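Worksheet: one structure, shown below.
What follows draws every value from the coordinates through simple rules; no lab data is involved. In this text the structure is predicted, and so the values were computed from the model without any measurement. A quick note on method: Cβ atoms are made from the backbone with ideal geometry, for glycine too, and the neighbour counts reach across all protein chains shown.
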Amino acid sequence: MGYEKASGLFSFFSDCLGLSTTISRHYYFFSQPSTWSDAQTFCRQKHTDLATIENSKELDLLYKTLLSAGHSSDVWIGLYNEIDWKWSDGYTGTGTDYRQWKTFLSCEKQLPFYYFVNQSLNWTEAQTYCRQKHTDLASILNSEQQNQLIDTLTSAGQSSDVWIGLFSKIHWKWSDGYTGSGADYRCWSTSNPPGFSHSDELCVVSYQSGTWFDARCSNNRPFLCCNGKNDKL
């Protein structure tokens with residue numbers, strides 16, 4: 001029997017302790033991919049709320065929590081905007097205007113996320129499995145998704161190679177048919193570059209380190225599925 005591990009868009013939530021003007025926050029990492037609203041509901045039910053960050057010290061604590069969880073991709077926090085920016089927990093005290101901007105995302109956006117399937121199948125069988133159980137074999141379109149792949153394999157304790165969705169009969173294509181921005185992204189291994197003709201059809205394997213090589217599609221390996229469609233951020 002195989003098993004699956006998921007990685008995708010995650011959430012941080014906090015427990016706030018103390019009733020004084022100084023709030024002691026403890027951050028926890030939650031690994032279930034969710035929309036912002038779903039993450040908010042979960043955090044309010046299980047803890048206090050989505051994470052509020054009012055200074056660089058708390059940002060550093062959040063960052064260390066991410067590192068200790070072995071996670072390097074995006075996470076939801078409690079800041080949102082209907083008309084003005086507000087924190088989910090209603091905090092309006094000192095530091096309420098603290099910001100460290102990088103990227104805006106729609107609260108309803110769910111990024112593609114990956115499932116590791118610990119079942120050895122050939123590439124075509126893995127493709128069929130992913131299409132039946134999820135969306136398709138994993139497409140990797142940029143360095144962020146590449147890091148997400150590494151996170152998924154690391155959290156699954158996977159040290160061998162896995163099938164991904166790239167294949168070639170004449171030209172390289174993604175299994176899900178994606179041809180938009182990033183479709184030509186590649187992360188070939190320098191020690192094992194593509195182009196060695198094993199057969200008429202070649203399929204792509206990713207090492208746990210994230211670099212890729214081509215192989216006979218008839219070989220059996222574990223594999224990565226994905227849920228959700230790729231969007232340009």
For segment 135-174, listing chymotrypsin sites (Phe, Trp or Tyr not before Pro) in a DSSP loop whose Cβ sees at most 12 other Cβ atoms within 10 Å gives none
With +1 on each Lys and Arg Cβ and -1 on each Asp and Glu Cβ, and nothing else charged, work out how big the dipole of segment 113-227 is about its Cα centre, in Debye to the nearest 20. 140
How far is the Cα center of segment 159-178 from the Cα center of segment 118-133, in Å? 12
Expected unfolding gain across Glu144-Tyr185 under the 0.36 nm per residue rule, minus the alpha-carbon gap, is 13.6 nm
Apply the a/c threshold of 1.5 to the C-alpha gyration tensor of segment 124-214 and tell me whether it is rounded, prolate or oblate. rounded
